[in-house]
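Report on the following structure.
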């Protein structure tokens, strides 16, 4: 499970916070050009898994690899520069910057006074990202002044502009109305059609059923099942865990 | 009177540089340091020693002061920048306390409490030049550099770090490098201000580089408006003019000016935070509740 078929692979990843085992021996592989959904109740370890992959947390054991190369010990910016972009549940927009500046900032990875590469190409990428997310008319608005759905799409515009090949999306459709959700699904399908590999944490099972090629079900830091969406979503035992109906 | 006004204008330009450069760290990058006077002091001592021991060349003094202050800030900032927010404020406070003691005790370099006296007047290529012209030129150049930086990619990177550090990092930005560069720029600017101060006053001692001075510079930035180009300069002019203005009021005894000034500073800061939390030239939308 590595290389071209599965660019991002987790092997036996574990981390504990005090006595809480947040992620325990998780092994997962992201199929190239597919959408993998992480599903599970709150506290299952889904976001923690993202944090382990992106270098925001250091694993107690195990490792994540990208194209066969270990991500162990890399900082989040180093993981990002290898082509992995992520979104956050709480969006973390650059609130006092404009929509265009938010997207532009995603194309500028250099930390010095200048940026390598073609400025015109970067600007074109920004305009494409804004158009794809329907934010072109709001380009000069500050992020803090946007409505909730627009903020969600701005976080997607940043990821689009970043030109990453692997997207880790943390509850990107939560709080969206039906129309916005459909727009969002279209955005993901278009990206997926371009070969982007996507891992999605999502509580809305309609969105999961519509977009995912594969589902991994997590509970209490453990992967309980991996499989095709219909098989996982119809599993009564998993549904009981998801909806909190299991015995203690 | 002309000499008095020229002196006031020179000090306003020097403190304008200090406020404008601190604003790069505070206003753009969100790095709250209460140790800017340390780098002001380092620049002042470096510039003074160069003028006293080598040559009183103003340009050379400013370059050396910028290198000393900017270089040392990198050594000190790199470990300190690993901590965030209020922890960095505490770290910078510790640095300020330590530096004040070192400035007092390192008599060979700083002259201790007695300071360095008899610093020659500034010269360029052997010709004496007024410090007002030098200070205004340096201020304009630093404001220009800040303006260029703020509207470019580095300014966006700093503002991204200020608004959401983890998101900036997730987009591939090496935030520690960017923050260190911002701090080095700010402290190099403080060093330039220090060299100008030493050449202008012909005397420097530790009392100009204490925590009070750092707090005053921070107040200039906050009063004028963090993250704005002109705000810190306005703050510097206002806060420097206040004691000068008070001395012209006949009903305040000269011995009480210091106390009245402190009360006015405190009241102005409190009122400002209530009615214009982003400062006089800051964005009115910033600081309001959503």
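The values are calculated or read from the model by the stated rules, or taken from the named source; none is laboratory data. Quick caveat: nothing in here was measured; it's all calculated off a predicted structure. Cβ sites come from the backbone with ideal geometry, for glycine too, and all protein chains shown count toward neighbours.
The table below gives the values:
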item	result
Count - residues of segment B:195-216 that are at pLDDT below 95 and buried (at least 24 other Cβ atoms within 10 Å of the Cβ)	0
In segment B:106-132, the residues that are under 16 Å from residue B:43 (Cα atoms) and part of a strand (DSSP E or B)	B:116, B:117
Residue match in segment A:230-238 (condition: surrounded by 14 or more Cβ atoms within 10 Å (Cβ to Cβ), in contact with a strand residue (DSSP E or B) (Cβ under 7 Å, 6 or more places away or on another chain), within 22 Å of residue A:85 (Cα to Cα) and in the same structural domain as residue A:29 (by TED's automatic domain parsing))	no
Qualifying position, being surrounded by fewer than 19 Cβ atoms within 10 Å (Cβ to Cβ) and part of a strand (DSSP E or B), among A:117, A:62, A:43	A:62
Yes/no for residue A:79 being free of Cβ contacts under 8 Å to residues at least 60 places away in the same chain, crowded, with 19+ Cβ neighbours inside 10 Å, in contact with a strand residue (DSSP E or B) (Cβ under 8 Å, 6 or more places away or on another chain) and not in a loop (DSSP other than H, G, I, E, B)	yes
Selection count, segment B:166-186, where residues are free of Cβ contacts under 8 Å to residues at least 12 places away in the same chain and within 7 Å of chain A (Cβ to nearest Cβ)	8
Count of residues meeting criterion [within 21 Å of residue B:133 (Cβ to Cβ) and under 10 Å from the mean Cα position of the chain (by Cα)] in segment B:193-231	2
Residue match in segment A:96-111 (condition: touching a residue at least 12 places away in the same chain (Cβ under 8 Å), in contact with a strand residue (DSSP E or B) (Cβ under 7 Å, 6 or more places away or on another chain) and crowded, with 24+ Cβ neighbours inside 10 Å)	no
Residue list for segment A:28-40, filter: over 21 Å from residue A:239 (Cβ atoms) and assigned to a loop (DSSP other than H, G, I, E, B)	A:31, A:32, A:33, A:34
Lone unmet requirement of (1) surrounded by fewer than 23 Cβ atoms within 10 Å (Cβ to Cβ); (2) assigned to a helix (DSSP H, G or I); (3) more than 12 Å from chain B (Cβ to nearest Cβ) for residue A:130	(1)
Among the residues listed as A:135, A:72, A:93, A:57, the single one being more than 14 Å from chain B (Cβ to nearest Cβ) and modelled with pLDDT of 95 or more	A:135
